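Below: the structure, in structure tokens.
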Amino acid sequence: MKIAVAGGKGGSGKTFIATNLASYISEKEKTALVDLDVEEPNSALFIRGEISNSETVYKMIPEWNGSECTLCGKCQTVCNFHAVLKVKDSIMILPELCHSCYACSELCPTSSLPMNPKRIGTLTHYRTKNLDFVESKLDIGEEQAVPLISRTNDYMNYHLKDNISICDCPPGTACPAVESVKDADLVILVAEPTTFGFHDFKLIVKAMKELGKRITVVINKSGIGNQYTADYCRENNIPVIAEVPHDRKLAEYYSRGELVYDKFEAVTAAFEKIYRYIKETLK
Amino acid sequence: MKLAFTTKGKGWDAEIDPRFGRAEFLFIYDEENNESVNIDNSSVSEHAHGAGPMTAQLLINNNVNVLITGNGAGGNAARVLDAAGIRSFSGADDMTVKEAYEAFKKGGLQG
């Protein structure tokens, strides 16, 4: 069972909800927390464990072998991302732009573009007392998060299929966010009830509808801002299952890298509501 | 020598577009025969990725020797321009093509 914690706006509280929710559920059943925000993973600030497995993640990119190449230029014509270019008497590859589609390699009449692995990041699997925690981290300078998120999804599907997996997703509505909710049975949208938060919230709702995802909402920092988000959810029949109050004390714990799900009654109650909703919805 | 300018419009009085990859137009001037041509680059907006290399390719196809632009090309585009031997000069934002050409001749742009 896979639950994606997404939310559009950066700083709405995705990591806060994901780390605390996973820790709360882990006291009841087999749980995993998976950090899919591979460009800036930060769940590890809150979860400390022993490394049980780690791997280097690669993506496949073409490499030009000029000995047989006739410089026909087919490769650059078929590349949708301008990652393969004919420059004078050679073929130039821009690895950061390559989407590993194999078109240039497969369609090259002289087989001059064999595909080779290129390192893009790492995946680390930690074990804590109750929790499996997987963190993937994109190497500095890499532009594409999607292949690493995709590999992490595969890892989760294979190694953690008996767990409830809570995925901490990247912000925004672009390719990384879409890839990270791809396998999710339920997407929890963490909304910040401000005007700015509401703007990004509408975007992520639209993106999730387009993807046909089942969504539910947790309002974080409840009490600040305005009612736009709550009104919008009511008008559009989007269930708001819990609210976490805006409270300086929570922020203080968070800033020290500490979890709060068991420290405040109102917060524990919110996570219990979310947990119950997950159990009832995904029976 | 053939020079390419990134521009917001057409002709010598057009403003320089500070962007390279997503420049609206390219103004190409051939010093040898004193001919110029405007190229509409707006189709690049349909591409989410690789605008820089795409525009660099356009310069290669037009046998350009020198690029004059505002902010300068990004990493990928700069690599393509380098490989193609196209020299790049930046800092021409807020100038017209004519002003940028004169600044270039006086050595007033960043190479």
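Could you tell me the distance between the Cα centroids of region B:39-104 and region A:208-283, to the nearest Å?
48 Å
Please find the FRET efficiency linking residue B:40 to residue A:211, where r is the Cβ-Cβ separation and R0 is fixed at 45 Å, and quote it to the nearest 0.05.
So, using R0 = 45 Å, E works out to roughly 0.80.
Skip the ligands, DNA and RNA, and give the accessible area per residue of region A:64-113 with a 1.4 Å probe, whole Å². Working shown, then result.
Working: 2560 Å² over 50 residues.
Counting only protein heavy atoms, the per-residue value for region A:64-113 is 51 Å².
Which aspartates and glutamates have a Cα less than 13 Å from the Cα of residue A:129, not counting those fewer than 8 places away in the same chain?
Correct list for residue A:129: A:27, A:29, A:50.
Mind giving me the FRET efficiency for residue A:130 and residue B:10? R0 is 56 Å, r the Cβ-Cβ distance, nearest 0.05 is fine.
Working from the Cβ atoms, E equals 0.25.
What distance in nm separates the simple spin-label points at residue A:88 and residue B:31, each placed 7 Å from Cα in the Cβ direction?
1.9 nm
Summing Lys, Arg as +1 and Asp, Glu as -1, what charge do residues with Cβ under 13 Å from the Cβ of residue B:57 carry, residue B:57 excluded?
Numbers: positive: A:86, A:88, B:79; negative: none.
Summing Lys/Arg as +1 and Asp/Glu as -1 gives +3.
What does the charge add up to near residue A:129, with Lys and Arg as +1, Asp and Glu as -1, over the other residues with Cβ less than 15 Å from its Cβ? Present the calculation step by step, with values, prior to reporting the outcome.
Details: positive: A:28, A:30, A:48, A:127; negative: A:27, A:29, A:50, A:132, A:262.
With Lys, Arg at +1 and Asp, Glu at -1, the net is -1.
All other residues with a Cβ under 15 Å from the Cβ of residue B:26 taken together, and with Lys, Arg as +1 and Asp, Glu as -1, what is their net charge?
-1
What percent does the relative contact order of chain A come to when contacts are Cα pairs within less than 8 Å and at least six residues apart?
It comes to 27 percent, rounded to a whole number.
Length gain on complete extension for the stretch residue A:56 to residue A:269, per 0.36 nm per residue less the alpha carbon to alpha carbon distance?
Separation in residues times 0.36 nm, less the Cα-Cα distance, equals 72.7 nm.
If you take the square roots of the eigenvalues of the alpha-carbon gyration tensor of chain B and sort them as a ≥ b ≥ c, do you get rounded (a/c under 1.5), prolate (a/b over b/c) or oblate?
Judged from the Cα gyration tensor, chain B comes out rounded (a/c under 1.5).
Probe radius 1.4 Å, ligands and nucleic acids ignored: give me the carbon and sulfur share of the accessible area of region B:4-62 as a rounded percent.
Ligands and nucleic acids excluded, carbon and sulfur give 43 percent.
For the pairing of chain B with chain A, what total accessible surface becomes buried, with a 1.4 angstrom probe, in square angstrom to the nearest 100? Show your work: numbers first, answer last.
Numbers: alone 5830 and 13700 Å², together 18350 Å².
Chain pair B/A: roughly 1200 Å² of buried accessible area.
Once you sort the root eigenvalues of the Cα gyration tensor of region A:223-283 as a ≥ b ≥ c, which label holds: rounded (a/c under 1.5), prolate (a/b larger than b/c) or oblate (the other case)?
It is oblate, given that a/c is not under 1.5 and a/b is not larger than b/c.
Treating cross-link reach as a plain straight distance, find the lysines whose alpha-carbon is under 20 Å from the alpha-carbon of residue A:202, omitting any fewer than eight places away in the same chain.
Within reach: A:9, A:14, A:182, A:213, A:221.
Show A:35, B:30, A:247, A:162 ordered by accessible area, largest first, where the area counts protein heavy atoms only and the probe is 1.4 Å. It would help to have the intermediate numbers written out before the result.
Values: A:35 0, B:30 30, A:247 50, A:162 115 Å².
Solvent-accessible surface, decreasing: A:162, A:247, B:30, A:35.
Mind giving me the nanometre distance, one decimal, between the label points for residue A:115 and residue A:247, set 7 Å out from Cα along Cα→Cβ?
Distance between the two pseudo-spin positions: 5.1 nm.
How far apart, in nm, are the 7 Å Cα→Cβ label points at residue B:83 and residue A:139?
The two pseudo-label positions are separated by 1.8 nm.
If each residue of separation counts as 0.36 nm, what is the full-extension length gain between residue A:107 and residue A:65 once their alpha-carbon separation is subtracted?
Going from the current span to full extension adds 13.7 nm.
Pairs of Cα atoms under 8 Å, at least six residues apart: use those to get the relative contact order of region A:1-81, whole percent.
Reported relative contact order: 17 percent.
Starting from 0.36 nm per residue, how many nanometres of slack lie between residue A:279 and residue A:122 once their C-alpha separation is accounted for?
Once the chain is fully extended between residue A:279 and residue A:122, it gains 53.3 nm.
Considering the convex hull of the alpha carbon atoms of the protein assembly as shown, report its projected area averaged over all viewing directions, in nm², one decimal.
23.6 nm²
Below 8 Å, C-alpha to C-alpha, sequence gap of six or more: please give me the relative contact order for chain B in percent.
This gives 30 percent for chain B.
Within region A:103-190, report the trypsin sites (Lys or Arg not before Pro) that DSSP leaves as loop and that have at most 10 other Cβ atoms within 10 Å.
Here the sparse-neighbourhood loop sites are A:129.
Accessible area of residue A:276, 1.4 Å probe, to the nearest 10 Å²?
120 Å²
The values are calculated or read from the model by the stated rules, or taken from the named source; none is laboratory data. A quick note: this is a predicted structure, and the numbers were derived from the prediction, not measured. In this analysis, Cβ positions are derived from the backbone assuming ideal geometry, glycine residues included, and neighbour counts consider all displayed protein chains. Each accessible area value is taken on the protein alone, full model and side chains, heavy atoms only, with ligands, DNA and RNA left out. Shrake-Rupley method; radii C 1.70, N 1.55, O 1.52, S 1.80 Å.
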